[in-house]
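Q: Please read through the structure below; I'll follow up with questions.
The values are calculated or read from the model by the stated rules, or taken from the named source; none is laboratory data. Computed from a predicted structure; not experimentally measured. Cβ placement follows ideal geometry from the backbone for every residue including glycine, while neighbour counts extend to all protein chains displayed.
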Amino acid sequence: MRLIVLDTSVVLPALLSSGGRRRKLWLLLAYGALSARADQARLDIEFLHHEAAELGGELAGRQIEELAAEAEAGRARVAERLPAGAPDDLGLVASRPVLDEYERKLAEIGSRLNPDVRAEHIPLFRRQVEAACVDITNDFEVGDIPNYTPDRDDDPVVHTALLADATWLVADDKKHISREPGGTFEYRDDESGRHVSAMTFDYFAATHLSHFDFDRIDGSWLGLAYAQLGARD
Amino acid sequence: MPAIGSQPKLISTKEAAALLNVTQRTVTNWIEADKVPYLRLPGGEYRLPLSGLLASLSGTYDLRTELEALDERFGAIDEADVFEELDRTNG
């Protein structure tokens, strides 16, 4: 799985503009989440049974085997709609500080874009993001992380990408994060040796989504993907 | 560490609540209603597989209906308008 972290400058248009190109990427990420959860659930089955035996605990609640089968069937339903060659291995990662930042920015600009956006809608948007994530990284204190960018508010998204060992950080904040509109900007963590390539959405689409007919994706299929993520009998 | 393709991760109800921005009581309610997979430890504590928890979220909320309701009200906003507002906010 190739992990990707998105800045608010990409997430907010994806959430708010159902006809936009970033919504198409969002659909691919939801599709990636379905694929990943099917794979991960199979790993979890073995792990949970082992842990239950080791700790003397008891497995209960929703059956992990059922979740795995649902995710596999759901993945196949979305795959039928997607153009040939659409990747199933793009995995969205976030962190609590990054999710909080998405939420904060949505609250700040949402009502300016549409006066009907109210406080009670913001958690719903957040749930859309959380459901598409393949991982939410370990928590960290924003004040404890290094300076990566010229704007301290942008450091958590870079830190999240490094912590997750993500392949890409996609950001349309050219001033502070992606910095090279026609290329990539490399962030490094010398301590862990991890690095991540930051780039704009347009550059990412042109370089990593050009091997198939990306524009044939219809953002309205996202509902289908979410229905599969939530598939129950 | 990424949860996917690596060692599965078990988290406590407190960690799940913090990650998902809900109360610990809400997580316990999900457990009591068998809405999420979990491991009950001999001491009565619970551990939840992170990926299974995320996968179960959509069984807790109707994400498709929520998405469609959000899109119906707000989905017509143009990407360019979002950029403009973000630029204004970021200065």
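Q: For residue A:19, work out the one condition from (1) surrounded by fewer than 24 Cβ atoms within 10 Å (Cβ to Cβ); (2) without any contact (Cβ under 8 Å) to a residue 40 or more places away in the chain it doesn't fulfil.
A: The one condition residue A:19 does not meet is (2).
Q: With (1) touching a Cys at 6+ places or on another chain (Cβ under 9 Å); (2) surrounded by fewer than 22 Cβ atoms within 10 Å (Cβ to Cβ); (3) of a type in the set (Gly, Ala, Ser) as the list, and residue A:33 as the residue in question, which single condition is left unmet?
A: (2)
Q: Output the residues belonging to region A:95-124 that are under 17 Å from residue A:5 (Cα atoms) and either hydroxyl-bearing (Ser, Thr, Tyr) or within 10 Å of chain B (Cβ to nearest Cβ) (or both).
A: Of everything in region A:95-124, those that are under 17 Å from residue A:5 (Cα atoms) and either hydroxyl-bearing (Ser, Thr, Tyr) or within 10 Å of chain B (Cβ to nearest Cβ) (or both) turn out to be A:95, A:96, A:99, A:100, A:102, A:103, A:105.
Q: Pick from B:33, B:69, B:17: which is within 18 Å of residue A:128 (Cα to Cα), at pLDDT 90 or above and surrounded by fewer than 20 Cβ atoms within 10 Å (Cβ to Cβ)?
A: Being within 18 Å of residue A:128 (Cα to Cα), at pLDDT 90 or above and surrounded by fewer than 20 Cβ atoms within 10 Å (Cβ to Cβ) holds for just one of B:33, B:69, B:17, which is B:17.
Q: Would you mind telling me which numbered condition in (1) part of a loop (DSSP other than H, G, I, E, B); (2) modelled with pLDDT of 90 or more; (3) touching a helix residue (DSSP H, G or I) at 6+ places or on another chain (Cβ under 9 Å) residue A:165 fails?
A: (3)
Q: Test residue A:100 against the stated conditions and say whether it is surrounded by 24 or more Cβ atoms within 10 Å (Cβ to Cβ) and over 30 Å from residue A:212 (Cα atoms).
A: So residue A:100 fails the test.
Q: Something else about it: For residues in region A:70-89 being of a type in the set (A, V, I, L, M, F, W, C) and modelled with pLDDT of 85 or more, which is surrounded by the most Cβ atoms within 10 Å (Cβ to Cβ)?
A: Once the filter is applied, the top-ranked residue is A:78.
Q: Which is touching a residue at least 24 places away in the same chain (Cβ under 8 Å) and more than 28 Å from residue B:9 (Cα to Cα), of A:149, A:160?
A: Testing whether each residue is touching a residue at least 24 places away in the same chain (Cβ under 8 Å) and more than 28 Å from residue B:9 (Cα to Cα) leaves just A:149.
Q: Here is a follow-up. Assuming residue A:155 fulfils every condition listed in (1) buried (at least 17 other Cβ atoms within 10 Å of the Cβ); (2) among the charged types (D, E, K, R); (3) within 12 Å of another protein chain (Cβ to nearest Cβ); (4) over 19 Å from residue A:13 (Cα atoms) apart from one, which condition is it?
A: (3)
Q: On to the next question. Name the single residue that is surrounded by the most Cβ atoms within 10 Å (Cβ to Cβ) among those in region A:158-188 being among the charged types (D, E, K, R) and over 24 Å from residue A:138 (Cα atoms).
A: Filtering first and then ranking leaves A:172.
Q: Oh, and also: With respect to the numbered conditions (1) within 7 Å of chain A (Cβ to nearest Cβ); (2) at negative phi; (3) surrounded by fewer than 20 Cβ atoms within 10 Å (Cβ to Cβ), which one is the sole condition not fulfilled by residue B:51?
A: For residue B:51, the exception is condition (3).
Q: Further question on the same structure: Output the strands (runs of 3 or more DSSP E) that fall wholly within region A:39-157 and possess 1 or more residues being out of contact with any Asp or Glu (no Cβ under 6 Å at 6 or more places or on another chain) and among the small types (Gly, Ala, Ser), or say none.
A: Per the criteria, A:58-61, A:90-94.
Q: Within region A:35-58, track down each residue that is more than 9 Å from every other protein chain (Cβ to nearest Cβ) and touching a Leu at 6+ places or on another chain (Cβ under 8 Å).
A: Answer for region A:35-58, where residues must be more than 9 Å from every other protein chain (Cβ to nearest Cβ) and touching a Leu at 6+ places or on another chain (Cβ under 8 Å): just A:49.
Q: Something else: Of the conditions (1) at the interface with chain A (Cβ under 8 Å from one of its Cβ atoms); (2) over 14 Å from the mean Cα position of the chain (by Cα); (3) at pLDDT below 90, residue B:62 clears all except one; give me its number.
A: Every listed condition holds for residue B:62 apart from (2).
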